[in-house]
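Since the structure comes first, as C-alpha cells, the remarks are kept for the end.
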Number of protein chains: 2
Amino acid sequence: MKVGVIGGGQLGRMLALAAAPLGIRCLCLDPARDAPVSGLCEHIVAAYDDADGLDRLARGVGAVTYEFENVPVASARALAARVPVLPPPAALEAAQDRLLEKNLAQRLGIPTPAYRAVDDRRSLDAAVAAIGLPAVLKTRRLGYDGKGQAVLRGAGDVEVAWAALGGAPLILEGFVAFARELSVLGVRGKDGATAFYPLVENHHREGILRLSRAPAPGLTPALQEEAEAYCRAMLAELDYVGVLALELFETGGRLVFNEMAPRVHNSGHWSIEGAETSQFENHIRAVAGLPLGSTAPRGHAAMVNLIGTLPEPAAVLAVPGAHLHLYDKSPRPGRKLGHVTLRGDDAQAVERGLERLREQI
Amino acid sequence: MKVGVIGGGQLGRMLALAAAPLGIRCLCLDPARDAPVSGLCEHIVAAYDDADGLDRLARGVGAVTYEFENVPVASARALAARVPVLPPPAALEAAQDRLLEKNLAQRLGIPTPAYRAVDDRRSLDAAVAAIGLPAVLKTRRLGYDGKGQAVLRGAGDVEVAWAALGGAPLILEGFVAFARELSVLGVRGKDGATAFYPLVENHHREGILRLSRAPAPGLTPALQEEAEAYCRAMLAELDYVGVLALELFETGGRLVFNEMAPRVHNSGHWSIEGAETSQFENHIRAVAGLPLGSTAPRGHAAMVNLIGTLPEPAAVLAVPGAHLHLYDKSPRPGRKLGHVTLRGDDAQAVERGLERLREQI
C-alpha cells in the first residue's frame, strides 16, 4: 500500500521512516524540493493547492493523510472525493479555526477558557468587558508556535493588540493561570478502536515547544482518565482516523482545552523510543486500516527540541539514554532542526540525562 | 555525513532507516534496481566489482561499510585506498573463509570444533580419520544459510559429500553435539570503545534462522562474560569498527566458535525494539565515529523470520507486542521477506505472543 502525505517536513519524514518497516511507502506532496522527506520517500514537488500535484497524489495512493493542519480544506475535500482522506477533512476544518474548535469542545462537554469571537474593534471591547483581563487575543486561523497572539494584561494593551492583529478574524480567550501545560495524544483506527498515550508535560519558550516529559510527572489515573475522556469524545465526534493531539492546561487539578492538532504532534516525539509503538507508526497503522499498537510507555522519557542551531551529534550521543533525531534542515533562528529523546527506566535517570544534555546544547 | 554501503538488501535497508535520524545518509551499491533499499536512500546500480560503481561510491562518501560478507575483498581493498572501509577488509577476508576464521579463533584462544583443511580426496580421508564421524564437510567460501554443507554421519556419506562439494576448497569440522546455538553481537567504535548485546538463542531449520530469543533463556553472567571475552578479543585483533556477530554453540555449559559475520546480523534484529540502541544504529554510529549507544535490553524479545511467504500484516499486528518489518522483496521459497519482533516486559509475555503469532503464520 502507498499512503499520500500532504507536507514533507519533519513529521512527514518520521511518518515515512515509520511506514517503511510496515511495507508501506509514502508519497509526499511538498513545494520544497529539499523538504526533510526528500530522499526517504517519493516526493511530488508542488504547492498544496496545485491541481496537477493533487491529481498525481490521488492517483498514486490508497489513502491520503497530512502532517500539518493548515492544509487547504478545499484541497483535502477535492482529494476526499477520490481517495480516503484521513483524518477526515472535517477535523482539519475544525482545527484550523480557534473559534470552531472551541465551539466543538464546548459542545462535547470539554472545558475551555471563556472566549468570544472578535470581528471588529467594537466586539473586542465587548469581549474584554465580558471576559475581563488578563486575556489573550488570537487570530482565529494560521497561528502556530505562538505567532498571531497578544496577551492583554491591562486596558492599555487592547489598542496595541488590535493594531497588531486587527486585520483578521480574531478570538479573545480568558487567560488561564495554568499550573502547567499538558497534552494527550489519542489514536483511532478505522474500526473505531482507540488508544491513548500517557499525558505529557510541555514547556514552551517564545511560543515554541522546548521540552516534553512523558509520562507527565505526578500523573494520576484520574487526570489521565479525564484527558482520555475528552480525547475519546473528540475522536468519536469527528469519526476520526489517525493520531489526534489535544493541548490542555492543568489548573486546580482539572484540565482545560487549549487547542487541538489533527496530526502527529511534537509532544509525541518521545514515543519513538519511549512507547511500545510510536505515534508515527500508530498514525500509519490507523490510516492504512491496520490494528493499532500498544501506546504503553517504556519507562520514562523527555524530549528536547533542537531549535535554531545544532549541537555536536557526538556530544549529544555521549549522554546515556540519548537518542538523536535530525530533520535534514538548514539552521535558521527559531527553526525546529531536530530533537533529542532521553529514555530511562525511571524519571531520575531521565532528569540526570537532561542535566548532562543541557551542558551540551 | 554520507556512509557508503556495499549491498542494498534488508540489512542495508535497516541501516539506512537507522542512519536517517542521525542525519546520516546512506549511499548503497547493489546490482539490483529493485533492491530493498531502493526509494529509501541513494542507490548505485552496479556490480560489486564494477570499477565505475566503486569509484562513484568512493567519491560520494566519508566511509564505506558493507551488509554482507561476500563483498569481493579486492573491491574492499581498492576502496580502502581512498576512503575508510569499516569493518576493515581484513575482517572481511577472515570471515569469507571458514579455515582462516577458525585459525584466527584458535590463535585468540577461542575454542573451535576440531577442523582440517580438505583440498583433495586424500586429505578428506585423512581429515575423517583424524576428526572422526560425525563431522561436517563445508566449502571454505561462499556458504550461507546452510548452503555448501554436508553432514557425514557414516563412512558411506563421505563419497556422496565429496561428489557434491569436491570442486572447491573445503574444511572438515567435527560435529558439535550442541545443547543450543547462540550468538553474541559486539560493537566497537573508532575510539576502541566496545559494547555487547546479550547472548541470543537461535533456532535454525533447513539451515535458515527461524527464531531468536533475546536475552537467551537462562543466560548466566558467566556465559555472557565468556561470549564477550571471545568477541572482545576478535574485535581487538582485527582493529574492528562496527558490529561483529559471533555464532556459537553451547555445549557442556561452555561456548564453541562456529562462525563470524563482520556485519549487522539477522540474530540482532530484535534489538530495534528490544534494546536501548539497535544493532543498526550502533553500526552506523561506529562507522561514523560517533559514541556507541547502550546495548542494554529493554525487557525480553523474540524475533521470527518471515520466509518464503508473507502473513497478513493485520494478523501479525493484532498480536500484542508484535512489531512488523517487511523488506519490500517479492515472495520466493526460502527467501527472507521480513521479520516480526515480539517485545514484552517478561519472557512469559513474549512466549504468549509467540504462541499467538504461530497461529497466524
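Odds and ends about this structure:
- Where helices (runs of 4 or more DSSP H) fall wholly inside segment A:1-115, the ranges with 1 or more residues that are touching an Asp or Glu at 6+ places or on another chain (Cβ under 6 Å) are A:10-19, A:73-80, A:89-95.
- Of the residues in segment B:222-238, at least one is over 17 Å from residue B:194 (Cα atoms), open to solvent by less than 20 Å² (accessible area, probe 1.4 Å) and either touching a residue at least 60 places away in the same chain (Cβ under 8 Å) or out of contact with any helix residue (DSSP H, G or I) (no Cβ under 6 Å at 6 or more places or on another chain) (or both).
- Scan of segment B:336-346 for residues that are open to solvent by 40 Å² or more (accessible area, probe 1.4 Å) and either within 11 Å of chain A (Cβ to nearest Cβ) or within 24 Å of the chain's Cα centre (by Cα) (or both), ordered by number: B:345
- Among the helices (runs of 4 or more DSSP H) confined to segment B:239-321, the ones with at least 2 residues that are under 23 Å from residue B:335 (Cβ atoms) and under 20 Å from the mean Cα position of the chain (by Cα) are located at B:271-274, B:279-287.
- Of all positions in segment A:338-351, at least one carries a residue that is in the same structural domain as residue A:197 (by TED's automatic domain parsing), β-branched (Val, Ile, Thr), assigned to a strand (DSSP E or B) and in contact with a helix residue (DSSP H, G or I) (Cβ under 7 Å, 6 or more places away or on another chain).
- Yes/no for residue A:252 being more than 20 Å from residue A:147 (Cα to Cα), away from every other protein chain (no Cβ under 14 Å) and surrounded by 19 or more Cβ atoms within 10 Å (Cβ to Cβ): no
- Answer from B:214, B:168, B:195 - the residue that is touching a strand residue (DSSP E or B) at 6+ places or on another chain (Cβ under 6 Å) and modelled with pLDDT under 95: B:168
- Members of segment A:299-316 that are farther than 19 Å from residue B:320 by Cβ, facing chain B (nearest Cβ under 10 Å) and touching a strand residue (DSSP E or B) at 6+ places or on another chain (Cβ under 7 Å): A:310, A:313, A:316
- The conditions of being outside the structural domain of residue A:226 (by TED's automatic domain parsing) and open to solvent by less than 60 Å² (accessible area, probe 1.4 Å) are not met by residue A:200.
- Restricting segment A:39-57 to residues that are small (Gly, Ala, Ser) and farther than 24 Å from residue B:41 by Cα, the residue that is surrounded by the most Cβ atoms within 10 Å (Cβ to Cβ): A:47
- Qualifying residue in segment B:289-298 (condition: more than 10 Å from chain A (Cβ to nearest Cβ) and surrounded by 21 or more Cβ atoms within 10 Å (Cβ to Cβ)): yes
- Members of segment B:318-335 that are more than 20 Å from residue B:214 (Cα to Cα) and either within 9 Å of another protein chain (Cβ to nearest Cβ) or in contact with a helix residue (DSSP H, G or I) (Cβ under 7 Å, 6 or more places away or on another chain) (or both): B:318, B:326, B:327, B:328
- Selection count where residues are in contact with a helix residue (DSSP H, G or I) (Cβ under 6 Å, 6 or more places away or on another chain) and surrounded by fewer than 24 Cβ atoms within 10 Å (Cβ to Cβ), scope segment A:3-21: 1
- Search result, residues across segment A:255-272 that are open to solvent by 20 Å² or more (accessible area, probe 1.4 Å) and within 11 Å of another protein chain (Cβ to nearest Cβ): A:272
- Only listed residue being in contact with a Cys (Cβ under 9 Å, 6 or more places away or on another chain) and either open to solvent by 10 Å² or more (accessible area, probe 1.4 Å) or within 30 Å of residue B:203 (Cβ to Cβ) (or both), chosen from B:151, B:73, B:61, B:118: B:61
- Close Cβ contacts (under 7 Å, 6 or more residues apart or on different chains) running from residues in segment B:123-137 that are assigned by TED's automatic domain parsing to the domain that holds residue B:149 to residues that are surrounded by fewer than 14 Cβ atoms within 10 Å (Cβ to Cβ) comprise B:133/B:153; B:133/B:154; B:134/B:151; B:134/B:153; B:136/B:151.
- Candidate set from segment A:116-134 (those that are part of a helix (DSSP H, G or I) and of a type in the set (Lys, Arg)); member that is nearest to the chain's Cα centre (by Cα): A:121
- Failed condition for residue A:281, given (1) within 14 Å of chain B (Cβ to nearest Cβ); (2) surrounded by fewer than 21 Cβ atoms within 10 Å (Cβ to Cβ): (2)
The values are calculated or read from the model by the stated rules, or taken from the named source; none is laboratory data. Note that the structure is predicted; figures quoted are calculated from it, not measured. Here the Cβ is made from the backbone with ideal geometry for all residues, glycine too, and neighbour counts use every protein chain on show. Ligands, DNA and RNA are excluded from the accessible area calculation, which covers all protein heavy atoms including side chains. Shrake-Rupley method; radii C 1.70, N 1.55, O 1.52, S 1.80 Å.
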